[in-house]
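The values are calculated or read from the model by the stated rules, or taken from the named source; none is laboratory data. In this text, all values refer to a predicted model and were calculated from it rather than measured experimentally. Using ideal geometry, Cβ is built from the backbone for each residue, glycine included, and neighbour counts are taken over all protein chains shown. Just so you know, the surface numbers come from the protein's heavy atoms only, side chains and all, with ligands and any DNA or RNA stripped out. Shrake-Rupley method; radii C 1.70, N 1.55, O 1.52, S 1.80 Å.
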Amino acid sequence: MLGRTRLTGVLKRLVHGMGDALFPAKCLGCGRLFQHDTATSSTARPVGFSAAMAPHFCLPCLDRWTAVASPLCSRCGLVFKSREGDDHLCGRCLDRPSTFTRARAVGIYDNTLKTAIHALKFKGKVSLAGPLGGLLLDTFRYYWTDGDVDVVAPVPLHRLRFRQRGFNQAYLLVRGWALPEETVVIRDLLVRIRATDAQTGLDRQQRRSNIRNAFAMSRRGQSSGKRVLLVDDVLTTGATADACTDALLRDGARRVDVLTLARAL
Ligand SMILES: [Zn+2]
Ligand SMILES: [Zn+2]
């Protein structure tokens, strides 16, 4: 006769196996069905991209992403093509520095990370916000120390876009963050007062003028003397981050840093 513990173990494996057999997951990347081992993903906190994204992507797709790594631009976080040498300022930042102090990201905006962001933003896969937000928090802790930031502020959507989408993905990413007591997330620190045309297809200069003065403070003086961390899903030319930073600095913010899930090349 089987001991009680062993029997429970056998039953668990049986039920677990049935669950896998009955409910294989569909990969958000390639659309293939795959078995996700839920036993290994039930640990308290996802560690790394593959673990965090494992319920949503098959193994080959999990491998298709690129972490942001040095050498990169010490200001805007642009990843240099050459994989050797130290961080330094890129040509753009030497030419015309951004108004934010520094920008960092989890990974390059391509392949599986791009697919995950699109699924969250455009297909309403809000269950991705938790694991993606966890990766973002890990990246925040890697580049910043507790106490470096007073306010975490998501880049806002215009109210028309918000109504259409039903959520602001940037806010969903930071909503569950466990932060020290002195650091607060303010959902509506900034408001988007102009509905701008899509930025896709515009060069850096066009993006800048397209988005200039698109943001304002929801309450004046709220960022006065504060170190603000702006959070968004993607940083492309930095025009949006710059426009937000301008509004924050006009309001008296001491310093503005930027953190995004992805960095476009
Ligand atoms: Zn796949
Ligand atoms: Zn740069």
* Residue that is nearest to ligand 1 (Cβ to nearest atom) [pool: residues in the range 75-94 that are aliphatic (A, V, I, L, M) and assigned to a loop (DSSP other than H, G, I, E, B)] -> Leu78
* To do: Could you tell me whether Leu249 is touching a Gly at 6+ places or on another chain (Cβ under 8 Å) and among the aliphatic types (A, V, I, L, M)?
  => no
* The listed residue being over 29 Å from Lys26 (Cβ atoms), touching a Phe, Trp or Tyr at 6+ places or on another chain (Cβ under 8 Å) and not assigned by TED's automatic domain parsing to the domain that holds Leu28, out of Pro156, Pro180, Pro97 -> Pro156
* Ala116: within 16 Å of ligand 2 (Cβ to nearest atom) and at pLDDT 95 or above, yes or no? -> no
* Any helices (runs of 4 or more DSSP H) falling wholly within the range 95-209 and containing at least 2 residues that are open to solvent by 70 Å² or more (accessible area, probe 1.4 Å) and of a type in the set (D, E, K, R) -> 159-165
* Structure fact -> Screening Phe49, Phe57, Phe80 for residues that are surrounded by 13 or more Cβ atoms within 10 Å (Cβ to Cβ) and modelled with pLDDT of 95 or more leaves only Phe57
* Asked: Would you call Gly134 within 27 Å of Arg75 (Cβ to Cβ) and either out of contact with any strand residue (DSSP E or B) (no Cβ under 9 Å at 6 or more places or on another chain) or within 16 Å of ligand 1 (Cβ to nearest atom) (or both)?
  -> yes
